[in-house]
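Readers should treat all values here as calculations from the given coordinates under stated rules, not as data from a laboratory. Keep in mind that what you see is a predicted model, and the values were worked out from it rather than measured. We place every Cβ from the backbone using ideal geometry, glycine too, and count neighbours over all the protein chains shown.
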Amino acid sequence: MPYVLGIDIGTSGTKTALFDENGKTISSSLNEYKLYQPRIGWAEQDPQDWWKAVILGIRTVLSESGIIPEKIKAIGLSGQMHGLVMLDKQLRILRPSIIWCDQRTNEECIDITEIVGKQRLIEITANPALTGFTASKIIWVKKHEPEIYEKAYKILLPKDYIRFMLTGEFATEVSDASGMQLLDIAKRNWSSEMLSKLQIDVNLLGKVYESQEITGKINKYAAELTGLKEDTLVVGGAGDQAAGAIGNGIVKSGMVSSTIGTSRVVFAYTDKAVIDRKGRVHTFCYAIPNTWHVMGVTQSAGLSLKWFRDNFCNYEKESANLIGTDIYEFLNKEASMSKPGCEGLIYLPYLMGERTPHLDPLARGVFFGLTSRHKKNDMLRAIMEGVGYSLKDCMDVINEMGINSNQVRASGGGGKSHLWRQIQADMFNTEVTTVNSNEGPSLGAAILALVGIGQYSSVREACDNIIYNISSQKPIYDNSILYNRYHSIYKGIYKCLKPQFNNISNISNFLN
């Protein structure tokens with residue numbers, strides 16, 4: 001029986017999982033690392049931390065599973081999108097990676113829009129210039145750190161840096177490359193027009209593959225460090241959202257994935273390159289040839305709950321450690337004690353700015369409607385509901401584009417929460433289901449690896465054989481009505497506060 005590895009280089013940690021040909025998890029390992037924020041709105045990580053986590057993860061699953069390396073036939077890679085990794089000619093890292101949630105590049109986005117043209121930018125890349133995307137990060141380094149940019153030999157995305165470390169190859173694939181804003185989304189390759197206008201040498205970039213294609217083999221160096229067999233195949237893989245959708249079985253029209261991780265994404269499959277001309281949601285190449293996906297992104301979804309946990313939940317932390325359980329079980333129980341709507345307490349989850357539908361890097365988190373009646377449990381539920389309102393914003397735009405949904409599949413860390421799934425069902429007024437695996441992106445990467453080695457003829461065939469529903473939650477009518485009313489207020493709060501977000505940012509910039 002062949003086995004494959006799925007490796008997901010996430011924001012908080014790297015998940016390494018070993019699967020058999022039926023998608024069954026044999027062993028998995030999660031290894032965390034730090035996020036650095038040198039200034040407000042900045043977010044960086046050390047690529048060497050990712051590599052160390054990958055080495056440890058592979059060695060752990062090999063040891064725990066007892067599977068000999070010769071039986072592992074391929075590796076699929078998934079990873080946080082948009083991150084900028086720069087290498088010099090000696091293949092050394094030039095600076096910490098500026099990752100997806102970094103918001104420093106607002107001025108560079110304005111520059112890109114002026115250089116390329118607003119409509120032409122959307123025609124080529126299917127998206128407006130965004131602070132999260134890689135192109136604006138490249139321009140920022142060129143402008144603010146020219147001595148570093150001059151030394152750049154290769155520019156890679158996070159998972160593609162790991163690919164390089166494993167194989168020595170400089171390569172990427174269509175789903176992740178879509179988020180760099182240098183790809184022609186319709187043609188599924190680098191855009192010569194974008195590169196020319198932004199004066200970025202195409203030789204800085206890796207070769208673009210389809211997601212299930214073989215991109216290289218494990219080299220001797222990586223084999224010695226990880227314990228894998230030299231020449232083990234490595235497929236293209238996918239950006240974390242596309243890989244997570246594959247791992248959730250989103251391979252047909254009408255199916256939508258809602259994933260709560262550090263960020264949160266509403267993800268819809270389409271067989272056409274449908275573009276929102278207002279640029280509120282992203283259209284990217286999907287990890288299936290000749291298909292695309294549309295997604296709306298909430299920057300600080302699980303991050304909002306983690307921020308509250310880390311700063312205000314010491315008692316829950318101690319209690320969870322004492323009895324050996326997950327702290328989020330405590331937080332879910334506390335939040336469930338609050339009524340739907342939290343008696344008018346509304347949370348805006350804009351801790352790291354926002355992408356859909358506002359495209360506003362200056363937006364900030366807000367608790368609105370706080371009274372002396374409210375307690376910690378109300379604030380916890382308000383965070384969950386605030387993320388839900390943001391996702392309803394995403395779903396509304398996707399539906400407006402003519403992409404309808406008859407089933408939402410929930411996944412990610414937040415997808416494990418019965419309460420958070422019910423909030424989604426009520427807000428979307430749609431059935432929310434979960435599937436038989438919660439491995440998400442690592443399973444999606446493994447499925448692409450199984451297709452790459454010919455175990456399945458297509459991604460759809462693999463998903464039909466591996467993934468199925470195991471739970472379902474239907475909307476509660478009264479809650480749906482209530483949430484619709486509060487959602488209108490939620491949208492109005494942002495409109496009222498937008499000028500003040502700009503003002504407070506100006507003060508912060510002046511002080512820095």
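Tabulated results
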{"quantity": "Candidate lysines - alpha carbon under 21 Å from Lys24, same-chain residues fewer than 8 apart omitted", "calculated": "Lys15, Lys71, Lys73, Lys416"}
{"quantity": "Point-charge dipole on Cβ atoms (K/R +1, D/E -1) for segment 88-211, about Cα centre, debye to 20", "calculated": "180"}
{"quantity": "Equivalent ellipsoid semi-axes, segment 168-250, via Cα gyration tensor eigenvalues times 5, rooted, Å", "calculated": "26, 18, 9"}
{"quantity": "Trp42 long-range amide H proximity, modeled H, under 5 Å", "calculated": "Gln103"}
{"quantity": "Shape call, segment 451-497: gyration tensor on alpha carbons, a/c limit 1.5", "calculated": "oblate"}
{"quantity": "11 Å beta-carbon shell around Gly414, net charge (K/R +1, D/E -1)", "calculated": "+4"}
{"quantity": "Amide H partners (placed H, <5 Å) of Leu183, local residues excluded", "calculated": "Ser191"}
{"quantity": "Likely footprinting exposure, Trp100, Trp292, fewest C-beta neighbours within 10 Å first", "calculated": "Trp292, Trp100"}
{"quantity": "Alpha-carbon centroid distance for the pair segment 32-54 / segment 379-438, whole angstrom", "calculated": "28"}
{"quantity": "Karplus-derived 3J(HN,Hα), 6.51/-1.76/1.60, for each residue of segment 249-257, Hz, glycine and proline x", "calculated": "x, 7, 10, 9, 4, x, 9, 10, 9"}
{"quantity": "Charge-dipole axis of the chain as Lys and Arg at +1 and Asp and Glu at -1 on Cβ define it, positive-most pick from Ile423, Leu62, Leu482", "calculated": "Leu482"}
{"quantity": "Equivalent ellipsoid dimensions for segment 275-366 as semi-axes, Å, which come from the Cα gyration tensor, largest first", "calculated": "33, 18, 13"}
{"quantity": "Segment 145-187 versus segment 303-351: alpha-carbon centroid distance in Å", "calculated": "37"}
{"quantity": "Answer label, with Cα extents along the principal axes in Å calculated from the coordinates and candidates (1) 77, 51, 48; (2) 91, 53, 47; (3) 63, 51, 45", "calculated": "(3)"}
{"quantity": "Under 17 Å from the Glu193 label point (7 Å along Cα→beta-carbon), backbone N, segment 102-124", "calculated": "112-124"}
{"quantity": "Global geometry of segment 212-325, whether rounded, prolate or oblate, following the gyration tensor of its Cα atoms and the 1.5 cut on a/c", "calculated": "oblate"}
{"quantity": "Listed peptides 341-354, 38-51, 469-482 by packing density, highest first (mean Cβ within 10 Å)", "calculated": "341-354, 38-51, 469-482"}
{"quantity": "Contour minus Cα-Cα distance for Asn465 and Ser65 (0.36 nm per residue)", "calculated": "141.7 nm"}
{"quantity": "FRET efficiency, Ile453 to Tyr36 (Cβ-Cβ, R0 35 Å, nearest 0.05)", "calculated": "0.40"}
{"quantity": "Cα centroid separation - segment 473-500 against segment 208-268, whole Å", "calculated": "35"}
{"quantity": "Set of lysines near Lys118 by C-alpha distance (under 26 Å), chain-local residues within fewer than 8 positions excluded", "calculated": "Lys137, Lys142, Lys143, Lys187, Lys197, Lys272, Lys278, Lys491, Lys495, Lys498"}
{"quantity": "For Asp160, net neighbour charge (Lys/Arg +1, Asp/Glu -1) across residues whose Cβ lies under 15 Å away", "calculated": "-2"}
{"quantity": "Spin-label zone in segment 396-424 - amide nitrogen under 18 Å from a point set 7 Å from the Cα of Arg277 along the C-beta vector", "calculated": "397-403"}
{"quantity": "Beta bridges by DSSP in the chain, antiparallel share as percent, to the nearest 5", "calculated": "70"}
{"quantity": "Net lengthening on full extension, Ile323/Glu230 (0.36 nm per residue, minus Cα-Cα)", "calculated": "29.2 nm"}
{"quantity": "Positive-pole candidate from Pro499, Ala242, Ser196, dipole of the chain, charges at beta carbon", "calculated": "Pro499"}
{"quantity": "Ranking of Thr371, Thr430 by count of other Cβ atoms within 10 Å, fewest first", "calculated": "Thr371, Thr430"}
{"quantity": "J(HN,Hα) series, segment 353-369, from Karplus relation 6.51 cos²θ - 1.76 cosθ + 1.60, nearest Hz, glycine and proline x", "calculated": "x, 8, 10, 10, x, 8, 6, 10, x, 8, 4, 10, x, 9, 9, 10, x"}
{"quantity": "In sequence order, calculated HN-Hα J values of segment 174-191 (Karplus, 6.51, -1.76, 1.60; Hz; x Gly/Pro)", "calculated": "4, 5, 6, 4, 4, x, 7, 6, 10, 9, 7, 5, 6, 8, 6, 7, 4, 8"}
{"quantity": "Near-label residues of segment 383-402 by backbone N, under 12 Å of a point 7 Å along Cα→Cβ of Phe312", "calculated": "383-384"}
{"quantity": "Overall form of segment 1-79 per C-alpha gyration tensor (a/c, 1.5; a/b vs b/c)", "calculated": "prolate"}
{"quantity": "Over the chain: helical MRE at 222 nm, DSSP H runs n ≥ 4 each giving -39500 (n - 2.57), nearest 500", "calculated": "-13000 deg cm²/dmol"}
{"quantity": "Estimated FRET transfer efficiency when R0 is 22 angstrom, pair Glu114-Glu147 (beta carbons, to 0.05)", "calculated": "0.30"}
{"quantity": "Local electrostatic count at Tyr149 - Lys and Arg +1, Asp and Glu -1, tallied over other residues with Cβ under 13 Å", "calculated": "0"}
{"quantity": "Contour excess over end-to-end distance, with Cα ends at Asn22 and Asp46 and 0.36 nm allotted per residue", "calculated": "5.2 nm"}
